[in-house]
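Enquirer: Before I ask anything, here is the structure I am working with.
The values are calculated or read from the model by the stated rules, or taken from the named source; none is laboratory data. All values reported here derive from a predicted model rather than from experimental measurement. Cβ placement follows ideal geometry from the backbone for every residue including glycine, while neighbour counts extend to all protein chains displayed. Areas reflect the complete protein model, heavy atoms only, side chains present, ligands, DNA and RNA absent. Shrake-Rupley method; radii C 1.70, N 1.55, O 1.52, S 1.80 Å.
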Amino acid sequence: MLLFTPGPTPTPESIRQAMATPTLHHRTKEFESIFAKARLGLQTMLNMEEVLMLASSGTGAMEASVLQFCHSKLLSISCGKFGQRWGKIALANNLPHTELVKEWDTPISAQEVLEALQSDPSIDTLALQVCESAGGLRLPLEQIAREVKAYRQDIIIIADAITAMGVEPLDTTHIDVLIGGSQKAFMLPPGMSIIGLSKRALEVLEARPTHRGGLYFSFLTELKNQRKNTTAWTAPTTLITGLVRYFEIVQALASSNLDSALESSAQELDSSLLAQGFLRAYTHTRAISLATREAISALGLSLYPKSPALAMSAIAHTDSAKIRQRMKALGVNVAAGQDHIKDSIFRINHMGLIHIYEASYAINALELSLDTLGLRSFDGAGNASFFGALKKQEIL
């Protein structure tokens, strides 16, 4: 069964093997060496002042970030189920907040955010998604962050990049807190969140040592320890070991193809080579995502969001549930939508280092499913368009 759900994503064999090595005690020099490599990889990837790794899901990192940085009022953006979570966090913690709500296929605009800020000077924190995975929507994060900071430099901007981190290069110039999750493009099991912090975020933390975050999620406590390549509490050792292997694979992409990179041996991480590897990884993911869109169009289907993310293709169809069932019978597991769009869309994942032949198989399964359901006769148009688009992008 090919797993094409937008998280968790498939874990390559070499990462599974790395995580299967004998467990290290987290208070040892051996693990500190592994932790240092993970920090180097994340700092190279995110280009932010500091990084943290927490033993929690992405939601834990979202809540911890809101509680430690929002001291007056939260402005949250809801363009889907995960955007709604910001408001739920504020309500659960009795935190004053304002929520801007859009349809799940429609991104918020920078102007709408600015108008909300102008109408309420008490807002000190903005929280939003990069990619709203409930409907495959990409928000104009970079423009919003740039214009918000131009209006008020002191506002802390928290961005949920769980389904964007590792998929595409992210401009973190105006982002203060950037959140990621292990089970997406990192191709690891669930259970670890990643947080990038700006210089401004560090200044705010140090100026306000008391916060609502409690003991376990104290970023200051974690920073004090993680700068020494250890953790305040028990570390997710297996996931961090797998993360280092992921960075080794990405670095190997700088000078080899995907198959060779996945099978490459352990190596010392070099920030320059790692940066080159990420450029190739981003190019690969973008090519597969855009080529899949071409295939979808050739099959007479359309994407659900007005501004689609590269992380996944969310396809709108009244027979989505039946299509998913048929694709699963053919060995491809894709995801439904969320809540009120559960059966009106289905989502095909592009996160992680996906082989071209696997993406091609998924497209073939989709076209065969349409044929079996009497929705469209099979003629190979899906893969013809897919490979044609890859050739134009000089991937083949």
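Enquirer: Cβ-Cβ under 9 Å, sequence separation 6+ or interchain: first residue in segment 357-378 and under 20 Å from D259 (Cβ atoms), partner open to solvent by 70 Å² or more (accessible area, probe 1.4 Å) and modelled with pLDDT under 95. Which pairs?
Expert: none
Enquirer: With respect to A159, determine if the residue is touching a residue at least 60 places away in the same chain (Cβ under 8 Å) and within 14 Å of the chain's Cα centre (by Cα).
Expert: Values: touching a residue at least 60 places away in the same chain (Cβ under 8 Å): no; within 14 Å of the chain's Cα centre (by Cα): yes.
No: the conditions fail for A159.
Enquirer: Also: Return yes when M48 is at pLDDT 95 or above and touching a strand residue (DSSP E or B) at 6+ places or on another chain (Cβ under 9 Å) and no when it is not.
Expert: yes
Enquirer: Something else about it: If a residue has to be over 22 Å from the mean Cα position of the chain (by Cα) and surrounded by 17 or more Cβ atoms within 10 Å (Cβ to Cβ) to count, how many in segment 69-89 make the cut?
Expert: 2
Enquirer: Scan segment 134-145 for residues that are farther than 20 Å from S72 by Cβ, out of contact with any helix residue (DSSP H, G or I) (no Cβ under 7 Å at 6 or more places or on another chain) and not in a loop (DSSP other than H, G, I, E, B) and jot them down.
Expert: Hits for segment 134-145 are L137, R138, L141, E142.
Enquirer: Hey, can you tell me all the residues within segment 338-364 that are closer than 30 Å to A252 by Cβ and of a type in the set (A, V, I, L, M, F, W, C)?
Expert: I348, M351, L353, I354, I356, A359, A362, I363
Enquirer: A further question follows. Looking only at segment 171-198, count every residue that is open to solvent by 10 Å² or more (accessible area, probe 1.4 Å) and on the phi < 0 side of the Ramachandran plot and tell me the total.
Expert: Final tally of qualifying residues: 9.
Enquirer: Next question. Sort out which residues of segment 216-266 are open to solvent by less than 50 Å² (accessible area, probe 1.4 Å), part of a loop (DSSP other than H, G, I, E, B) and of a type in the set (S, T, N, Q), and write them in order of number.
Expert: S218, N229, T230, T231, S256, S264 - these are the residues of segment 216-266 that are open to solvent by less than 50 Å² (accessible area, probe 1.4 Å), part of a loop (DSSP other than H, G, I, E, B) and of a type in the set (S, T, N, Q).
Enquirer: Looking at (1) open to solvent by 10 Å² or more (accessible area, probe 1.4 Å); (2) touching a helix residue (DSSP H, G or I) at 6+ places or on another chain (Cβ under 6 Å); (3) not in a loop (DSSP other than H, G, I, E, B), which one does S33 not meet, given that it meets all the others?
Expert: Condition not satisfied by S33: (2).
Enquirer: Kindly establish whether I158 is of a type in the set (A, V, I, L, M, F, W, C), open to solvent by less than 10 Å² (accessible area, probe 1.4 Å), assigned to a helix (DSSP H, G or I) and modelled with pLDDT of 95 or more. Break it down into steps so the answer makes sense when it comes.
Expert: Working: of a type in the set (A, V, I, L, M, F, W, C): yes; open to solvent by less than 10 Å² (accessible area, probe 1.4 Å): yes; assigned to a helix (DSSP H, G or I): no; modelled with pLDDT of 95 or more: yes.
The answer is no for I158.
Enquirer: S14: among the hydroxyl-bearing types (S, T, Y), at negative phi and either assigned to a helix (DSSP H, G or I) or without any contact (Cβ under 8 Å) to a residue 60 or more places away in the chain (or both), yes or no?
Expert: yes
Enquirer: Follow-up. Do we find a residue being of a type outside the set (D, E, K, R), farther than 26 Å from L42 by Cα and open to solvent by 40 Å² or more (accessible area, probe 1.4 Å) anywhere in segment 126-138?
Expert: Checked against the condition, which is being of a type outside the set (D, E, K, R), farther than 26 Å from L42 by Cα and open to solvent by 40 Å² or more (accessible area, probe 1.4 Å), segment 126-138 yields no hits at all.
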